[in-house]
Amino acid sequence: MGPLLVLWLAGCLSGTWAVDRGNFKTCDQSAFCKRQRALKPGQSPYRALLETLELTNTKLTLQLINDNNKVRLLLELYRLQGNMTRVKINELKPLKPRFEVPDVLINDPPTEPLSLLSRDENGVVLSLGADSQRLIVSAKPFRLDIMEGREVLLSLNSRGLLAFEHLRIRKDTISYKIKTKVNSMWENIKWVFSSKVDPEGTENKEETEAANEPTEGEEEKAKEDEKVEDGMWEETFKSHTDSKPNGPSSISLDFSLPGVENVYGIPEHADSLKLKATDGGDPYRLFNLDVFQYEVFNPMALYGAIPVMLSHSAQRTMGIFWLNAAETWVDISSNTAGKTVFGQMLDYVQGSSETPQTDVRWISESGIIDVFIMLGPTPTDVFSQYASLTGTQAFPPLSALAYHQCRWNYNDQEDVAAVDQGFDDHDIPYDFIWLDIEHTDGKRYFTWDPHKFPQPKDMLQGLLDKRRKMVTIVDPHIKVDSSYKIHNEIRSKGFYVKSKDGGDYEGWCWPGNSGYPDFTNPEMRAWWASMFAYDQYEGSMENMYTWNDMNEPSVFNGPEVTMHKDALHGNWENRDLHNLYGLYVQRATAEGLIERSGGVERPFVLARAFFAGSQRYGAVWTGDNAAEWEHLKISIPMCLSLSLVGVSFCGADVGGFFKSPSTELLVRWYQTGAYQPFFRAHAHLDTPRREPWLFGPENTALIREAVRQRYALLPYWYQLFYHAHHSGQPVMRPLWVEYPQDTATFSMDDQFLLGRDLLVHPVTEEGARGVTAYLPGKGEVWFDVHTFQKHNGAQNLYIPVTISSIPVFQRGGSIIPRKARVRRSSSCMEHDPYTLFVALSPKRFAQGELYIDDGHTFNFDKQKQFIHRRFSFANNALSSRNLAPGSQFTTFSWVEKIVILGASKPSKATLKTHDGKESQLEFEFDASMSVLTLRKPGVNAGLDWTVVLQ
Amino acid sequence: MSCALLLLLMSLALAMGTGAAVEIQRPRGVPLSKRQFYEENKPFTCLDGSSTIPFDRVNDDYCDCRDGSDEPGTAACPNGSFHCTNAGFRPAFIPSSRINDGICDCCDTTDEYNSGATCQNTCREMGRKERESLQIMAEITKEGFLLKQQLIHEAKRGQEDKQGKLTELQGSKKGLEEKVEALRTVKETAEDPEKEAKERHLKAWEEQKELLRMEKDKTRMAEAFLELDDDADGYVSVAELQSHLELDPDSDGSLSETETQVSQGQSEPPAPVETPQEESRDFVSDHDSDHYPEDYAGEEEEDVEDDEEDDHDEEEEEEKVTPEKREDDEVSMPPYDTETQSLIDGTYSHLQSLICDPECISICRNLEKEIGFDFGPSAEFAYLYSQCYELSTSEYIYRLCPFNRVSQKPKFGGSETNLGLWGQWAGPEGNLYSVMKYDHGQGCWQGPNRSTTVKLTCGKETVVTSTSEPSRCEYLMEFTTPAVCQEPASLDEVLHGHTEL
């Protein structure tokens, strides 16, 4: 789905294939970012008032004061279960409440007691549990340090960039001036009275007052002195004015990471996996925006925002979760970033005392400081820690992991039927066909174009007959049209987002003038969800799922193509929660799909905008990319960045959305997409058709092969998603996640792991004759999954490639289940047998898993209806045993073949089944490749069995 | 896994289908033609010869042969295929991945023997429907083919007519040019020094009188051509000429007017004397590429024609500056006898204008162009030339003018959009004349120029049956015409060639 094809923007676009940077703010053009960034590191004006310290069972509280303006802040420190620390800073007495992000944390994070180790006038030392981890609060200037032993893991405000713009009353207005006069008179009277009436109090009270009263006076004075800068009370960008009725409210805090050279995460940016230092350029921006024709390798904001950063060194992995939904900028600097490799070597040789350090600074426009410091120490720990805060990946229906065919637009029912038939005619599997906005009646979502889609149920039934599915688009902008039921109901219920003047906020999007439902309102979400009921969404059926596009939200005529920041969601401004809107849209839709099935079926919802926690509601994709090699390449780090912060179900439009790919690019994209989690081809309305069979028989065959590889591997994908759902471990992983000490893996953008066991290095270079893949792991071996050729780990391996090559390697020591009988949809393969690929480690050991359930309901969770088995190969015996004794499920699937890579030739292979029976298996042995193939064990995949090789 | 060899029992459907059932046992999924390779109780050799296995491993739901030939009746081999007999309809091979996938692929239901899918045997019904539609198609083809023969015949005649006409026109043009050449000599002579003036004058006068006679002949000739064209009504050039005449009803008169003007004021000097033939041809060809009016819709023709005339003047003025001056010099030279001189000049100019007469040129050009088109192996598509066919949809009126252009006009106001100009025949190898391609239509915003693919199918009538836009700005049109009807196979062949058993 593409943004901004509309005419009035056409002028600005000037026909070039590049983002129009002028449509989007730089830090300099964003008043709060400019103000904050003007602050340079130095002595912090903040001081901890240790006398205000309170330590309860769950938290420590402490006041901070800004010595410049005497405004007090309240600091809350929590030690959370699972080795995390939460730091909250808010104004002690804000003029009005400041926004705290709701609905992102899955619960109030359980705490563990903090204990005070020592305390003096300079600060306090707290224990963070057994691991000799301590939290040191320094009073003047205020700073926090987290130590382990003698090592500083992380420091807050060590560069003095804590800055908290307190809410204030506007002083340049007449009403203020009158009010101030009256107030100060009243204050004087009060003061005089109080001193006279109560001249003697208890010592304590007097002390407190003595401490407080002058402070408040100073505070007033200091506030009076504050300079009113441009952009504090009003800001104009292009033709849009932001009224800023609450004035300046931004916050900032710096973090120092000694010993850290690599930071990752904070998606969504079209940039390398390893984040770059931002000195001299703009900070990374987090602000959900519909960016037309985005460019790769820059820190501009894109459709989604997840304010989570991971730091990694060979010693430790940590995470910083900045829970704030307002526009956010992240500055990164590093004392090694500017140095060349040679320079770094020189430092090393000369024994330079400078340890590498990365400094990070977060700036947000409003809200409070609420930071979760995930202390790792391993990548797996950080994933678990983050999952414990925001939940795990929604477990998708199995079919959603298969191939999706999309285009803006499949024109009508006949077109859908013809494309569906085309896949069968060319024997290419697919599970989902998608309908973009043109399927609706005039871009009124939940409706069908009566001419093009007169009988949607017939169409859906036709797909169902082939065990296939459909996705229709439902965007969150609602056509303002009094003959449109959805609009009328939202309006009459008062569910629209309001403009600053209190009327329904309206903006332009696909349907023309549109309203934007307030998805932050739980009643609105419940109503929206109810619209997906089969009797509400006419023409829908159980094999129809949903796509939420444009949920940044996109407002064609709004500032930066999104909603005005002073638009109102109840009492809160869009400014406060902007980045959260898209999450709510996807959530309400996913809840609708669950409800329509009576809570039985797992939903599948794709969204473009997202926030921390969005992983709980479905899939995301990298938006409107382009048919360029650079965009194919960037799909890897973009999805890896998302994977690191909880979102496993990620993909890029295969083929590229804008422009038309060369045949080679299209083939390479299918090959890459087949090994990325969300595998969907998509194309812009203005591009020529590109169904897989339109490029000649050879290319059809290449694409067919790539898609078939995906289908054969679906059992493994499903198992990985089960784990992502169960424990928050990412499906697609940077190599360093599994090889955290191997510095060679720290900045790789061109290859990745699926789970632990598959290494993928797709060909993403035009005209490539070969690729160099890095196989990690000293002492490990890797097997080419196509040729079964064995390669040693810890080497750069040059692989000659042809147009049919997809370099994929299976780790020695792993067992991967596949289904070799690829059929026209994943549902058709449900009962098919498995082939196990056992790749032996040099020590002739291997381990793997198999997860099976019904593929589409919540019964796996609610009724424990699943099979989860452990395969182990050790001592020349391969066995299958139950990993989930409490679960119950039966399958028709059986084991048809076992392929053992790196094996030696046995004299016989004996199968022992669960009932104690023994039989001999036939086998073939390929001595040149050391591949042993056991013929037809025939055991049910859900049962215990052992094969002994002699 | 449990699937041992299952022999195909003669199905009920089969018996119903033909009523003449012969029981032939063969492994599931094997076509009759390959039955001989699957001999029970003998080792089976994969059809690619790659290995030999015991017969009980045929259809045992495990793939042993690289070519998949040991599992014709199970889904075990990724590259296998399954044969459905489909008695009553036509037999088919399906990929083995469609065996027991829960979807009924074979109309005789034999592909779903173990999936729980409930399939109905639809072969007889499908066979009946197919026979019906084949019958209808055969009738259409038969009639269409007859019509095609007629079209070929007419096209042949029309082609000959046109070729003849063209030759004639080109011949007379050549004659005229020769005369102009002769007259040029006369003219030059007339402008020679004074001393021989008298004789020359007399001689010239006589020659001139002769020329005048010839000129009258020539004018009659030109008129005759027009008459001829009228007779051959229905062909493009004629139609265009006619429409041209309608647009310019005084065309006869304008000739003489031009003549007069030219002879009197020399306001529109003739093409340079030196190489009249070449120059005029160059001029025509320039014009052709720049402003060839046939590329425009009929309604635009008037404007274009005007443009053409304007351009004619401009180009003449711009390009022929030197010759014009020379001409002027010659004119300014005191004539021996003004009267004679003007007569000579007048005749000369008139002949010149006849050679360069836009109508005459246009006729020749159109004829040349039409003759140059590829109207199919037997010119059976010639009848489509200059015709237009429309299809009205809910939003648009689509218009196909074969060998010319495709356009789309909104039904409720709005301007016409060019969906492509005639490009070429674009059918697949062996069936080139089944697809027409029109391209270089109006450009799309951030997209390609519009283009249209026209698929031709056999029909008694010539009609556009559907249009669609499968890809943005790439249109697809279906068009029936007798011209693509193939010689019908005998109906029996059609009906019985497809069923096994």
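Please work out if B:Glu130 is touching a helix residue (DSSP H, G or I) at 6+ places or on another chain (Cβ under 7 Å) and either within 14 Å of chain A (Cβ to nearest Cβ) or over 21 Å from A:Asp427 (Cα atoms) (or both). Spelling it out, it is not the case that B:Glu130 is touching a helix residue (DSSP H, G or I) at 6+ places or on another chain (Cβ under 7 Å) and either within 14 Å of chain A (Cβ to nearest Cβ) or over 21 Å from A:Asp427 (Cα atoms) (or both). If you go through segment A:922-937 one residue at a time, how many are within 14 Å of chain B (Cβ to nearest Cβ) and surrounded by fewer than 19 Cβ atoms within 10 Å (Cβ to Cβ)? Selection size over segment A:922-937: 6.
Taking the numbered list (1) surrounded by fewer than 15 Cβ atoms within 10 Å (Cβ to Cβ); (2) more than 14 Å from every other protein chain (Cβ to nearest Cβ) in turn, A:Gln847 passes all entries but (1).
Selection of segment B:73-83 for residues being away from chain A (no Cβ under 12 Å) and open to solvent by 10 Å² or more (accessible area, probe 1.4 Å) yields only B:His83. For segment B:426-459, the tally of residues that are open to solvent by 50 Å² or more (accessible area, probe 1.4 Å), within 14 Å of chain A (Cβ to nearest Cβ) and among the hydrophobic types (A, V, I, L, M, F, W, C) stands at 1.
In summary, helices (runs of 4 or more DSSP H) completely within segment A:661-731 and bearing 2 or more residues that are within 14 Å of another protein chain (Cβ to nearest Cβ) and within 30 Å of A:Ala387 (Cα to Cα) occur at A:696-712. From the list A:Ser747, A:Ser727, the one residue that fits, being out of contact with any helix residue (DSSP H, G or I) (no Cβ under 6 Å at 6 or more places or on another chain), in contact (Cβ under 8 Å) with a residue 60 or more places away in the chain and over 30 Å from A:Gln795 (Cα atoms), is A:Ser727.
Of all residues in segment A:512-558, those satisfying the criterion of being closer than 13 Å to A:Tyr445 by Cβ and open to solvent by 20 Å² or more (accessible area, probe 1.4 Å) are A:Gln536, A:Glu538.
Counting only strands (runs of 3 or more DSSP E) that sit wholly inside segment A:355-461, those with at least 3 residues that are open to solvent by less than 20 Å² (accessible area, probe 1.4 Å) and β-branched (Val, Ile, Thr) are A:357-364, A:369-374. In the set A:Leu253, A:Leu289, A:Leu273, A:Leu257, only one residue is modelled with pLDDT of 95 or more, under 27 Å from A:Leu92 (Cβ atoms) and of a type in the set (A, V, I, L, M); that residue is A:Leu253.
Taken over segment A:596-617, the criterion of being under 20 Å from A:Thr392 (Cβ atoms) and either open to solvent by 10 Å² or more (accessible area, probe 1.4 Å) or part of a strand (DSSP E or B) (or both) is satisfied by A:Gly599, A:Glu601, A:Pro603, A:Val605, A:Leu606, A:Ala607, A:Arg616, A:Tyr617.
Residue-wise test of (1) among the charged types (D, E, K, R); (2) more than 14 Å from chain B (Cβ to nearest Cβ); (3) within 15 Å of A:Val899 (Cβ to Cβ).
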| site | (1), (2), (3) |
| --- | --- |
| A:Ala768 | no, yes, no |
| A:Leu775 | no, yes, no |
| A:Trp782 | no, yes, no |
| A:Val785 | no, yes, yes |
| A:Gln789 | no, yes, yes |
| A:Pro807 | no, yes, no |
| A:Ile816 | no, yes, yes |
| A:Lys819 | yes, no, yes |
| A:Ser827 | no, no, no |
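On the stretch given as segment B:44-72, residues that are open to solvent by 10 Å² or more (accessible area, probe 1.4 Å) and not in a loop (DSSP other than H, G, I, E, B) total 6. Under the condition of being under 19 Å from B:Ser69 (Cβ atoms) and either β-branched (Val, Ile, Thr) or away from chain A (no Cβ under 14 Å) (or both), the residues counted in segment B:84-104 number 5. For segment A:479-486, check the following and say yes or no: at least one residue is away from every other protein chain (no Cβ under 14 Å), assigned to a loop (DSSP other than H, G, I, E, B), open to solvent by 10 Å² or more (accessible area, probe 1.4 Å) and at positive phi. No.
So that you can scan it fast, the table gives a plain yes or no per residue for (1) more than 21 Å from B:Ala379 (Cβ to Cβ); (2) open to solvent by 70 Å² or more (accessible area, probe 1.4 Å):
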position	(1), (2)
B:Gln150	no, yes
B:Ala155	no, no
B:Leu166	no, no
B:Glu178	yes, yes
B:Ala182	yes, no
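Close contacts from segment A:787-798, counting a first residue that is open to solvent by 80 Å² or more (accessible area, probe 1.4 Å) and a second that is assigned to a strand (DSSP E or B) and among the small types (Gly, Ala, Ser), with Cβ to Cβ under 6 Å and a gap of 6+ residues or different chains, come to A:Tyr798/A:Gly770. When you check A:Arg881 against the structure, is it open to solvent by 20 Å² or more (accessible area, probe 1.4 Å), without any contact (Cβ under 8 Å) to a residue 24 or more places away in the chain, in a strand (DSSP E or B) and away from chain B (no Cβ under 13 Å), yes or no? Spelling it out, it is not the case that A:Arg881 is open to solvent by 20 Å² or more (accessible area, probe 1.4 Å), without any contact (Cβ under 8 Å) to a residue 24 or more places away in the chain, in a strand (DSSP E or B) and away from chain B (no Cβ under 13 Å). Reported count of residues in segment A:405-449, each being within 27 Å of A:Asp535 (Cβ to Cβ) and of a type in the set (S, T, N, Q), is 4. The single condition among (1) away from chain B (no Cβ under 14 Å); (2) not in a loop (DSSP other than H, G, I, E, B) that A:Thr835 does not meet is (1). Within segment A:909-935, restricting attention to residues that are in contact with a strand residue (DSSP E or B) (Cβ under 6 Å, 6 or more places away or on another chain) and basic (Lys, Arg), the residue that is nearest to A:Leu878 (Cα to Cα) is A:Lys912. Summed over segment B:460-483, the residues that are among the aromatic types (Phe, Trp, Tyr) and either within 27 Å of B:Leu151 (Cα to Cα) or open to solvent by 60 Å² or more (accessible area, probe 1.4 Å) (or both) give a count of 1.
Restricting attention to segment B:435-462, the residues being of a type outside the set (S, T, N, Q), out of contact with any Leu (no Cβ under 8 Å at 6 or more places or on another chain) and assigned to a strand (DSSP E or B) number 4.
Filtering segment A:117-161 down to residues that are aliphatic (A, V, I, L, M) and in a loop (DSSP other than H, G, I, E, B), which residue is nearest to A:Asp370 (Cα to Cα)? Within segment A:117-161, the match that is nearest to A:Asp370 (Cα to Cα) is A:Leu161. Here A:Leu9, A:Leu5 are screened, and the one residue that is part of a loop (DSSP other than H, G, I, E, B), within 14 Å of chain B (Cβ to nearest Cβ), at pLDDT below 95 and surrounded by 15 or more Cβ atoms within 10 Å (Cβ to Cβ) is A:Leu5. Residues that are over 21 Å from A:Ala619 (Cβ atoms), in contact with a helix residue (DSSP H, G or I) (Cβ under 6 Å, 6 or more places away or on another chain) and either among the polar types (S, T, N, Q) or away from chain B (no Cβ under 14 Å) (or both) within segment A:404-445 comprise A:Gln413, A:Lys443, listed in sequence order.
The values are calculated or read from the model by the stated rules, or taken from the named source; none is laboratory data. Because the structure is predicted, anything quoted here is derived from the model rather than measured. Because the Cβ atoms are built from the backbone with ideal geometry, glycine has one as well, and the counts that use them run over all protein chains shown. Remember, those area values only see protein heavy atoms, side chains included, never the ligands or the DNA or RNA. Shrake-Rupley method; radii C 1.70, N 1.55, O 1.52, S 1.80 Å.
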